[in-house]
Number of protein chains: 2
Amino acid sequence: MLSTMMQFPLTLTPLLDRVERIFPHVEMVSRRPDTSLHRQTYADFARRSRQLASALRRAGMQPGDRVATLMWNHHAHVEAYFGIPCAGGVLHTLNLRLHPDDLTYIVTHAEDRFVIVDDVLWPLWEKVAPRVAIEKTIVVSWKGGPLPEGVIDYEAFLASGDASEPLPTLDENAPLGMCYTSGTTGKPKGVVYSHRAIVLHSFAVCLTDGLGLSNRDVMLPVVPQFHANAWGLPFASVMAGTKQVLPGPHLDAANLLDLFVREQVTLAAGVPTVWMAILQTLDANPGKYTLTKGMRMLVGGSAAPESMIRGFDRHGAAILHAWGMTELSPLGTVATVKKGIEDGGEDAVYAARSKQGLPSPFVEMRAVSDTGEVPWDGAAQGELQVRGPWVAASYYGTEDTSDRWTEDGWFRTGDVVTIDKDAYLKLTDRTKDLIKSGGEWISSVELENEIMGHPAVAEAAVIAISHPKWVERPLACVVLKPGQSLSFEELREFLKPRVAAWWLPDLVEYVDAIPRTSTGKFLKSALRERFKDLVSNA
Amino acid sequence: MLSTMMQFPLTLTPLLDRVERIFPHVEMVSRRPDTSLHRQTYADFARRSRQLASALRRAGMQPGDRVATLMWNHHAHVEAYFGIPCAGGVLHTLNLRLHPDDLTYIVTHAEDRFVIVDDVLWPLWEKVAPRVAIEKTIVVSWKGGPLPEGVIDYEAFLASGDASEPLPTLDENAPLGMCYTSGTTGKPKGVVYSHRAIVLHSFAVCLTDGLGLSNRDVMLPVVPQFHANAWGLPFASVMAGTKQVLPGPHLDAANLLDLFVREQVTLAAGVPTVWMAILQTLDANPGKYTLTKGMRMLVGGSAAPESMIRGFDRHGAAILHAWGMTELSPLGTVATVKKGIEDGGEDAVYAARSKQGLPSPFVEMRAVSDTGEVPWDGAAQGELQVRGPWVAASYYGTEDTSDRWTEDGWFRTGDVVTIDKDAYLKLTDRTKDLIKSGGEWISSVELENEIMGHPAVAEAAVIAISHPKWVERPLACVVLKPGQSLSFEELREFLKPRVAAWWLPDLVEYVDAIPRTSTGKFLKSALRERFKDLVSNA
């Protein structure tokens, strides 16, 4: 017996059609580099996306060809999000925070044929351009000056397309876009999203128990469009007919708060450091900014402290925790509060909201330790493994990626987590940062947090060093506050009531600073290199 | 270039896994035939659904085999919704309001192998059973008495299955279930839903701008599970982890209101007659029933009058209008209020809520008249045509269904609609009830509503009669209130300021009653038969 239902592919094209017919007057607002605001409607957006699609095809783009973007968050970038894939091309967003060497590698590896670049990013692009084989360079002109030699203006390029040209029929498994993810080891690796994956991800974002995105929302992505599709929000906003407010290059608290208030933003999304700066500005300027009632602030990238969640509640805004990865399109879990959690009181609600949350429908998760799948008890740690229709099954053009996928087809996230009895996920560490002591796992992140609770400690990182019997034992790398002292024994005494005895560091090293990555995370690989010859005999 | 994403089929099985892992303690409450309440959790539900799946396979059910259900709304019926399809079988819900002759036709046409029947429906089933080739009859015992000869008790059947038996891997396009739709002409026709269609439909139901179904909701389907999947709510509730309250055979206002209050229902769904009875009971018993704050009442099947919407608002409950069909799994549109509508004031909001609403993402709609697609101006009428991934492309086992699908692949709904500039759909008539006068369309429904506005008229139906020049012209069939009179000329004078001159009826016939279908709708085919020889010469 066969189903009698229509074969109707899940591609972006019906979403473009829909927003044009149903939400033509809804706005997209973009902050220009000069801080002025650009406004257009979804009717404009749809017409211009169709023009872009037509222009790309007339310029020779073939199905599956990669078109790179090197842009901030703004309307033209969203046009690229739709115009490129709806024409059958592959949107390849380039991370403007990468070194030109990395960009060169990525553009070459992806075999990008075209690129669309903000003129304000030309100083970066011109370090890459001579080293890659881009055929056509399209420049979005914000400054209005003369364009570099040999490039075409974005508006002139759009004008070469015809918005009434029919869009091609696409397979839902056709590639839609690419993102490269930079591991701490090895070359960047590319994920190729399908139309189907992004459509299903957009449904998940718009679920009431997802991010609840609605046509009544006003969405502002602080998270860059070059970072994991701005968490899928531009796609989902078009699905829902949601007004988009795009901050351009101005990601400071004052400019963001100005947009929140002026455009009545109801859902904004970014990493914790963004929200910390916003919270400080709100606290320092009582009464100056009135946020939209019930505004949600989506936090991802790393964990938000509970104090931040409580802090924003004082301003009438709700921090909403989520977890995702480039390999998951990117959202996997959202920390909505399940019915019944509130029966445990306010602290139980904050505890749930401080975790990374519940998996979306069709995102399956398990936590696996060296001895197999761990129970959902909120205590046992394991590596988070996931699978689902918007999870990557491989990296693009790499030979052997078996270390990232299990034999039974789950993606190994590299995150160490607990899952509690209510199914809330909590990140505890990265697998590479775990200390594996006698077959048991010590979370470096939890140990660091305890050490940093000592009043003499400015910051601390914990790494593994060798041990002849236990294989690995913890080393505490401590930065003391100016004028403070803390002996190894004092540190151990401080920690004893706080962690299991076998978690106590075997050694301490006092350092001037913890090395950091370009995004501000601890660069533990540098510490591991520095202390690679240390051995514990404790 | 190929996408690197996982191939992960959209079937019910991951939803069953998910509700079991993430929402094990959420309840399903069923009203038994004796009006007592049966309670179980989703953990029970998942275990029992797996047992059912295992028992069916052990009993010889092969992939694609049909298993019929003749049941009210209750936990065992939801177990059938999952247990049958997750085992690879096809859930075939039988409409217990049909005549045994029709049921015999449908069971035979579908080639049902097994059936699950409520014991309280045995008097109906025993009129069908001897005439069909069912191999195994499973009876849900509510009354507790001895079962008929040759059948197996549902609980005993479950006990023959093993909940730990792995479920089969299914293709997302595999058939999940069947519903037969009874047209007013011809034999009932079957729609075969795929797993993919129902999964995507469930996503649409859970969208914030869909029905917004959430794990925080408590859902009660008054609409029967044998009618278009209870509008997909049992499936969507399992996706969202929503508590289900299932009213069994007790669909009267007092029993429903008791459940609304007792179980704190937040979303109930049914046809307008149900809500009219509920509203009357609420109005007649001030203070007796306290509905859950913000409760939504989903209305489909036919249009709810604006007065009912306003009436429920007085009780703090929101009528939510939707439109669907068996052929659409069934939901197509929902009358959520788009941002901006409220700028037109309260009347504009009520006007929007009184329409059938906006299409879901991936439901595409157009209105087509004899001269082509009509504009979205809220005035031009056309037949509603739809397409999308949960829309039927054909009927099961019928030879020629070209009259229900256009050459370019759209489903012809048979509904006459307008679509306004905000994209709100409004039903105005059924195509078969339209009066096609000189190439223009007269809505029989609108004309009836105007005639029924006359104080002397109890009810009225308008049908087409022949006309030598205009082809068709309207005949008004009028039932007068007792002791009242209304001449043809008085009726025309009454209508003149209310409708276009060419809409005025050519003739009136006074009748004792308007014939009705078993579900209370006007049976215009009987009037057409009665007056088939009338010809207008006006």
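If you take each beta carbon of peptide B:430-443 and count the beta carbons of other chains within 10 angstrom, what is the mean?
Whole-number average of other-chain Cβ neighbours for B:430-443 is 0.
Ordered shortest first, which distances in nm separate the 7 Å Cα→C-beta label point of B:THR290 from those of the other copies?
3.3
May I ask you to compute the full-extension gain from A:GLU373 to A:GLN62, defined as 0.36 nm times their residue separation minus their alpha-carbon distance, rounded to one decimal in nm?
107.5 nm
Under the classification rounded if a/c is under 1.5, otherwise prolate if a/b is larger than b/c and oblate if not, where does the stretch A:204-344 fall, given a ≥ b ≥ c as square roots of the Cα gyration tensor eigenvalues?
It is rounded, given that a/c, with a ≥ b ≥ c, falls under 1.5.
For A:GLU346 and B:GLN280, FRET efficiency with R0 = 51 Å and r from the beta-carbon atoms, rounded to 0.05?
That pair, B:GLN280 with A:GLU346, gives E of 0.75.
Specify the inter-centroid distance of the stretch A:12-38 and the stretch A:175-252, based on alpha-carbon positions, in whole Å.
Distance between centres, Cα-based: 15 Å.
Using a simple charge model, +1 on the beta-carbon of Lys and Arg, -1 on the beta-carbon of Asp and Glu, nothing else, what dipole does the stretch B:109-200 show about its Cα centre, in debye to the nearest 20?
Value, rounded to 20: 540 debye.
Quickly rank B:124-135, B:427-438 as a protection proxy: mean count of other C-beta atoms within 10 Å, highest first.
The most tightly packed comes first, giving B:427-438, B:124-135.
Modelled label-to-label distance, B:ASN449 and B:ARG39, 7 Å Cα→beta-carbon offset: nm?
About 4.4 nm separates the two model spin labels.
Tell me the distances, shortest first, between B:LEU523 and the same position across the other copies, using label points 7 Å along Cα→Cβ, in nm to one decimal.
Its label point is 8.3 nm from the equivalent points in the other copies.
Rank A:LEU70, A:VAL132, A:PRO24 by how far each Cα sits towards the positive end of the charge dipole of the stretch A:13-251 (+1 on Lys, Arg Cβ; -1 on Asp, Glu Cβ) and give me just the farthest.
Of A:LEU70, A:VAL132, A:PRO24, it is A:PRO24.
Order of A:116-123, B:449-456 by packing, highest average Cβ count within 10 Å first?
Per-residue mean Cβ counts within 10 Å order the peptides as A:116-123, B:449-456.
In nm, give the distance between the simple-model label positions of B:GLU407 and A:GLU155, each being 7 Å from the Cα along the Cα-to-Cβ direction.
4.4 nm
So if we plug the beta-carbon distance of A:ASP420 and A:SER141 into 1/(1 + (r/R0)^6) with R0 = 56 Å, what FRET efficiency do we get, rounded to 0.05?
Efficiency computed from Cβ-Cβ geometry: 0.60.
Count charges around A:PRO33 for me, please; just the other residues with Cβ under 11 Å from its Cβ, Lys/Arg as +1, Asp/Glu as -1.
The answer is 0.
Considering every residue in A:19-31, what mean count of other chain Cβ atoms within 10 Å of its Cβ is obtained?
3
When Cβ neighbours within 10 Å are restricted to other protein chains, what is their mean count per residue of peptide B:337-343?
4
Once you put a point 7 Å from the Cα of B:THR290 and another 7 Å from the Cα of A:ALA501, both along the Cβ direction, what distance in nm separates them?
Each label point lies 7 Å from its Cα, and together they span 5.6 nm.
Could the peptides A:345-358, B:204-217 be put in order, highest first, of the mean number of other beta-carbon atoms found within 10 Å of their residues?
Ranked by mean Cβ neighbours within 10 Å, highest first: B:204-217, A:345-358.
If each label sits 7 angstrom from Cα along the C-beta direction, how far apart, in nm, is B:ASN449 from its counterparts in the other copies?
Ordered by distance, the counterparts are at 5.9 nm.
Can you give the helix-only mean residue ellipticity at 222 nm for chain A, where every DSSP H stretch with n ≥ 4 adds -39500 (n - 2.57) and the sum goes over all residues, rounded to the nearest 500 deg cm²/dmol?
The per-residue figure over chain A is -8000 deg cm²/dmol.
Can you check what the net charge comes to around A:ARG530, using other residues whose Cβ is under 13 Å from the Cβ of A:ARG530 (Lys, Arg +1; Asp, Glu -1)?
Local charge sum for A:ARG530: -1.
No lab work stands behind these numbers, since they all come straight from the coordinates. Because the structure is predicted, anything quoted here is derived from the model rather than measured. As a convention, Cβ positions derive from the backbone with ideal geometry for all residues, glycine included, and neighbour counts pool all protein chains shown.
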